[in-house]
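Working notes, beginning with the structure itself.
Each value in this text was obtained by applying a stated rule to the coordinates, not by laboratory testing. Quick caveat: nothing in here was measured; it's all calculated off a predicted structure. Cβ coordinates were reconstructed from backbone atoms using ideal geometry, including for glycine residues, and neighbour counts include every protein chain displayed.
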Amino acid sequence: MDTYLVSVLNGLSMGSLLFAIALGLSLVFGMMDVLNLAHGAVYLAGAYVAVALAGDGTGLMAFVLAVLAAAVVGALLGGALAGLTRTTRRHLDQALLTLGVALVVAELLSLAFGDDVRSIAAPAPVDDGVKIFGATYPVYRLLVIGFGIVLAVAVYLLIERSALGSVIRATVSDRAMVSALGINTGRVLVGVFAAGAALAAAGGVLAGPILGAQPGLDEKVLLLALVVVVIGGLGSVRGALLGAVLIGQVQAVGTTLLPEFASFLIFAAMAVVLLLRPAGLLPARSAVHA
Amino acid sequence: MKAVDAPAGPDTARMTANGPDEPAGIRPHRARIPVALAVLAVLAAAPLVLGPFPITTMARILAFAVLVLSVDLLTGVTGLPTLGQAAYFGVGAYTAVLVGLHITSDALVQVIAGLAMGLAAAGLTGWVAVRARGIVFLMLTLAIGESVHQLADTWSAVGGSNGLSGMPPITLFGGSPLLAPGLVYWWVLVVAVAVFAGVALVARSPYGRTLRGVRDNESRMRALGYRPALARYSVFCLAGAVAGAGGALWAAQARFVSPGDMGFDVAALALLSVVIGGAGSLWGPCLGAALVLLVRDNLSGYIGGHGPLVLGLMFVIVVFVLPRGVAGLTGLQRARGKGAR
Amino acid sequence: MGVLSAIARTLRPAPAVAALTAGALALSACGGSSLDQSGGGESGGPVKIGLLIPLSGVYAPLGQDMRDGFTLYLDQHGGKLGGREAEVVSADEGEGPQTGVPAAQKLVSQDRTTAVVGVVNSATALGLRDFFTESKQPLLVANAGADAITAGRKSDYVWRTSFANGKVGAALGPAVAKEAEGGVYLIAADYAAGREMVAGFRKAFEAAGGKVAGEKYTPFGKTQDYQPYLSAIRSSGAKAVYAFYAGAEAVSFVKQYKQFGLSDEIDLYGTGFLTEGDVLKAQGQAAVGTKTSLHYSAELDTPRNKEFVAAYQKAFNEPPTVYSVQAYDAAAALDKALAKTKGAGGQKLAEALGEVGPIDSPRGSWTFDAAHDAQQKYYLREVRSSGGTMVNAVVSELS
């Protein structure tokens, strides 16, 4: 029993990270119909920022700095991607454009940091373990769960309760009308793209102590984020949250229950959800609900 | 209420293909035949001029081009962008190697077996995928592709991560084993050309027109009495068969197959080739296949292994400069004011 | 109408192709070389050696070490192998056979090498076996560990200077059986190497009286989070763990082993790759106390090794790894064999490799056994902190 409870906890920490990463992906698709396949590369860029600034377990300050720096890097990348994708119209072209950018960014990171596996230590005050359910559990992962909760609440407040949120929701719902009202929708779109990418890069830093940084990690994270977004419903913030929590649990608890099928669990879950609900669990194509 | 994945109008409907479209296709036929003959002549004469390594490379390109052809059939002609064809390619390759190891080294039998297994695999998994369109379809094909890849990687009966090696050289009609790379290349060329001709025939037939109709405006097709779901499923199976044949050709020249021959990387490269070459034109993606494979396998070594960097830059450039891919270059004189962009 | 001309279009080239084929077959007697089987090496002049190593992707660090080891041997011998000037041509093995096989074909068919050294990936090595055998060119595998390379798929032309998965695993069996105070849990990545290592370990371990408390394989390349497995290990009541992971998975596993508190309660044993090279640097403190078996450690206290480590450190600014030594020894074997054949390749070189006798290696003296594997000693190593850096200290020799 204890084993399962620890797994649930672990699933929640993975889910928090996935939510942070997938949120930007989902919003960008919901608003612009752009499938940003460079999202994984943005995540990896954030992870390498952590390697550069906080690789050896220096204090809390360096780690926080790394998160902020990564957010900036992510925002810049997101803005650039937004600009690039707006010049092409066909969706397949946009998706492949972002895939091309992903390859280029990943290769540049490999040139800059080498191909070795890099490890990022959790900041010194919180790299301990704590006794939960009879087992030692890393404190850092508990903090990540906390972060996920804070993020979910913040996003809810932003999207549902603020003026900016209503502009975002309106732009997704009926862009022409919003534009007719005099609001520069182009800026809204670029802003959302940049914010989503910043969040993904910050996620790269936060996930650093758990996943590290290495070539190829971007593909793995992209795949997970895509699954989360598709399961939750493209363009839906609530969907992204539900999808992230679900996938986190499927990975953690599922691996405990069915270790032989561990590699197929994610795709089986996705296939099941899509068969029953092709639009995702909480679809919100024409509106961004928090 | 917009469904999440249904194309909603003529503009968003052009989600994928935009190659030399049907009406213009019939007229330039006669101009293209001498070009096709010349290309074939050059390809056929290659082993007389080139050394063994370039010939082996060309054989690999041809086998990969068959896979790319199957992707173009789905993506370019039917408007279903896919990341799962590599799975059926792999099924075909594994089948051919297993046949070569345990049953017969006759190359024709291997190709037919690969084709049949590709068809069967596509038939089994296709019904899941074609219930969706657009991004969801893409994700489902990705899931199928990755699952099959995982299966190959962990199932010891097919060698697991070590793959299957030791396949004897192919024989033809009871002759002696074809060890010379040039002879294997000729076999691969013959089959690849045959498959290409078959797919071209399909694309220009009334069935092909149905597919393009489904791609461009599905609701109208339904209103006219067609059954888009059936069309999509049937082309999915057909594409699976084509991919399976490609896999068998790959096995014939490599005599070895491993899980890395399918999976996301190969699928992404195939999709890339289609876009670079020009989705829907069939011959463009074959050219794209050559380019992509040459960059990945041959150029990459010269630039410290950073082939993916070049590939990525190629993607970006192609999207900006050649929106219709290489095949679009031939259509530039004909000002087709469809405003597809 | 369109269909008819489509058919006409496809049929038209056929006679042309048929004529060309007939003509070509007739001409093949005077043939272009792609219509012949290639074979044989060349003698006289400099010897071309192909270095087939990963230059990109996840195995690139191993490739770098192998190149450094090979280069060091050449530098120490005036750039000569077997008395002849050696020219090294590198090719990128990449991450698997898709890139490795064409790279090898380029080396053999295009660059006309006399022998090829390298290969990290087992699938690539297995896939290349027929090619090298039919091309009559020796391949010295300097890493790939699959048992089949020298067992089921043994070839006259394939020689291995590194290790076989099963044997490295088996080396640790008796030692763990003696030291562990209860059941041992076996865990490894779910791919051929993982399974072969565990199988080898298990056989020797149980033969020495050990008890297995559980056996699990984790999805290869897909597992970032080992918590479910670590919990299973804890609840199984095992008193020790035998693990095989390499690369990024080794880093994650060992770090999480510490983070979830197992390293304080359950001893961790493994195959050397769990803590070798860059992996150890990334693991840091978390790896302290891990005991592994491997045929080499940079800490080996013999004069031959000390001299090697000093030279390597001087040339490349970092300590050598097992990968460096494997490639270094491949150069040594080639040196001896080429001296015998006076620079000739092909079948003569393959036979000469069988007669090189003992190789005086930094890992200790070793010879090729009947299966073309390295018959060698294995060492029990333990990760210790030495002046701030982690090293694999040698505890004892494993028989």
Self-check item: Cross-link reach list, aspartates and glutamates versus C:K222, counting only Cα pairs under 16 Å and skipping chain neighbours closer than eight places
Solution: A:D218, A:E219, A:E260, B:E146, B:D153, B:D265, C:E95, C:D190, C:E249
Self-check item: chain C: calculated mean residue ellipticity at 222 nm from DSSP helix runs of at least 4, using -39500 (n - 2.57)
Solution: -13000 deg cm²/dmol
Quiz item: Given springs between every Cα pair under 10 Å in a Gaussian network model of chain B, which of B:G159, B:G174, B:G126 has the largest fluctuation?
Solution: B:G174
Quiz item: Quick one: net charge of C:H77's neighbours, Cβ under 12 Å, K/R +1, D/E -1?
Solution: 0
Quiz item: Using a simple charge model, +1 on the beta-carbon of Lys and Arg, -1 on the beta-carbon of Asp and Glu, nothing else, what dipole does region C:270-399 show about its Cα centre, in debye to the nearest 20?
Solution: 160 debye
Quiz item: What is the helix-to-structure angle for A:237-257, meaning the angle in degrees between its Cα long axis and the longest Cα principal axis of chain A, kept from 0 to 90 and rounded to the nearest 10?
Solution: 30 degrees
Quiz item: Can you tell which of A:A269, A:A163, A:L224 lies farthest toward the positive end of the dipole of region A:147-290, using +1 and -1 charges on the Cβ of basic and acidic side chains (Lys, Arg; Asp, Glu)?
Solution: A:A163
Practice problem: With both partners inside chain C, how many of the DSSP beta bridges are antiparallel, as a percent to the nearest 5? | Solution: 35 percent
Quiz item: Quick one: helix B:85-102 against the long Cα principal axis of chain B, what's the angle to the nearest 10°, folded into 0 to 90?
Solution: 20 degrees
Quiz item: Once every DSSP H run of n ≥ 4 in chain A is given -39500 (n - 2.57) and the sum is divided by its residues, what mean residue ellipticity at 222 nm do you get, rounded to the nearest 500 deg cm²/dmol?
Solution: -25500 deg cm²/dmol
Exercise. Measure off 7 Å from each Cα along the Cα-to-Cβ vector at A:D127 and A:L76, then give the distance between these two points in nanometres to one decimal.
Key: 2.8 nm
Quiz item: Going down the table (C:K106/C:K167; C:K154/C:K340; C:K80/C:K314), which pairs top 30 Å between alpha carbons?
Solution: C:K106/C:K167
Quiz item: Of the listed peptides B:43-56, A:151-164, what is their order by residue-averaged count of other C-beta atoms within 10 Å, with the highest listed first?
Solution: B:43-56, A:151-164
Exercise. For chain C, with a Gaussian network of springs between Cα atoms less than 10 Å apart, report the residue from C:S122, C:S162, C:S231 with the top mean-square fluctuation.
Key: C:S231
Quiz item: Using alpha-carbon pairs under 8 Å, 6+ residues apart, how would you state the relative contact order of region C:238-353 in percent?
Solution: 19 percent
Self-check item: Formal net charge of residues neighbouring B:S165 (Cβ-Cβ distance under 11 Å; K, R +1; D, E -1)
Solution: +2
Practice problem: Find the relative contact order for chain A and round it to a whole percent, using C-alpha pairs within less than 8 Å whose residues are 6+ positions apart. | Solution: 37 percent
Exercise. Could you please rank B:M221, B:M167, A:M177, placing first whichever residue has the fewest other Cβ atoms within 10 Å of its Cβ?
Key: A:M177, B:M221, B:M167
Quiz item: Which shape class applies to region A:95-250: rounded if a/c is under 1.5, otherwise prolate when a/b exceeds b/c and oblate if not, where a ≥ b ≥ c are the square roots of the Cα gyration tensor eigenvalues?
Solution: oblate
Practice problem: Would you grab the residues whose amide H sits under 5 Å from the one on C:V88? Only those 5+ places off in sequence or on another chain, please, with H modelled 1.01 Å from N. | Solution: C:I49
Quiz item: So for region C:113-152, Kirkwood radius off the Cα pairs, Stokes-Einstein at 20 °C and 1.002 mPa s: how many µm² s⁻¹?
Solution: 211 µm²/s
Quiz item: Taking the Cα atoms only, what angle lies between the long axis of helix B:134-154 and the longest principal axis of chain B, rounded to 10 degrees?
Solution: 10 degrees
Exercise. Provide the descending list of Cα extents for the protein assembly as shown along its principal axes, expressed in whole angstroms.
Key: 83, 80, 45
Self-check item: Average Cα contact separation per residue, chain C, under 8 Å, 6 or more apart, as relative contact order %
Solution: 18 percent
Quiz item: Which of the chymotrypsin sites (Phe, Trp or Tyr not before Pro) found in region B:41-117 are in a DSSP loop and have at most 13 neighbouring Cβ atoms, other than their own, within 10 Å?
Solution: none
Quiz item: Which whole number gives the average count of other chain Cβ atoms within 10 Å of the Cβ atoms across peptide C:99-112?
Solution: 5
Exercise. Have a look at the DSSP beta bridges in the protein assembly as shown and tell me what percent are antiparallel, nearest 5.
Key: 40 percent
Quiz item: If you plug each phi of region A:165-181 into the Karplus form 6.51 cos²θ - 1.76 cosθ + 1.60 with θ = phi - 60°, what whole-Hz ³J(HN,Hα) values come out, in order, with x for Gly and Pro?
Solution: x, 5, 4, 4, 4, 5, 4, 5, 6, 8, 5, 4, 5, 4, 5, 5, 7
Quiz item: Top mean-square fluctuation among B:L249, B:L108, B:L119, Gaussian network model of chain B, C-alpha springs under 10 Å?
Solution: B:L108
Self-check item: For region A:7-93, the Rg and Dmax computed from alpha carbons only, in angstrom
Solution: 15.3, 47
Quiz item: Could you work out the helix-only [θ] at 222 nm for chain B, with each DSSP H run of four or more residues adding -39,500 (n - 2.57) and the total divided by the number of residues, to the nearest 500 deg cm²/dmol?
Solution: -22000 deg cm²/dmol
Exercise. Lys and Arg at +1, Asp and Glu at -1: add these up for the other residues within a Cβ distance under 14 Å of B:V295 and post the number.
Key: -2
Exercise. Report, as an integer, the average count of C-beta atoms from other chains found within 10 Å of each Cβ along C:119-129.
Key: 5
Quiz prompt | Once the Cα gyration tensor of region B:153-192 is diagonalised, semi-axes √(5λ) in Å | solution = 27, 12, 9
Quiz item: Any idea how far apart A:A176 and C:A208 come out in nm if each label point goes 7 Å out from Cα toward Cβ?
Solution: 7.8 nm
Quiz prompt | Cα-centre dipole for region A:181-290 with unit charges at Cβ (Lys and Arg positive, Asp and Glu negative), debye to 20 | solution = 380 debye
Quiz item: Tell me, B:V257, A:V42, A:V49 in order of fewest to most beta-carbon neighbours within 10 Å?
Solution: A:V49, B:V257, A:V42
Practice problem: Please give the average number of partner chain Cβ atoms lying within 10 Å of the Cβ of each residue in B:295-302, rounded to a whole number. | Solution: 5
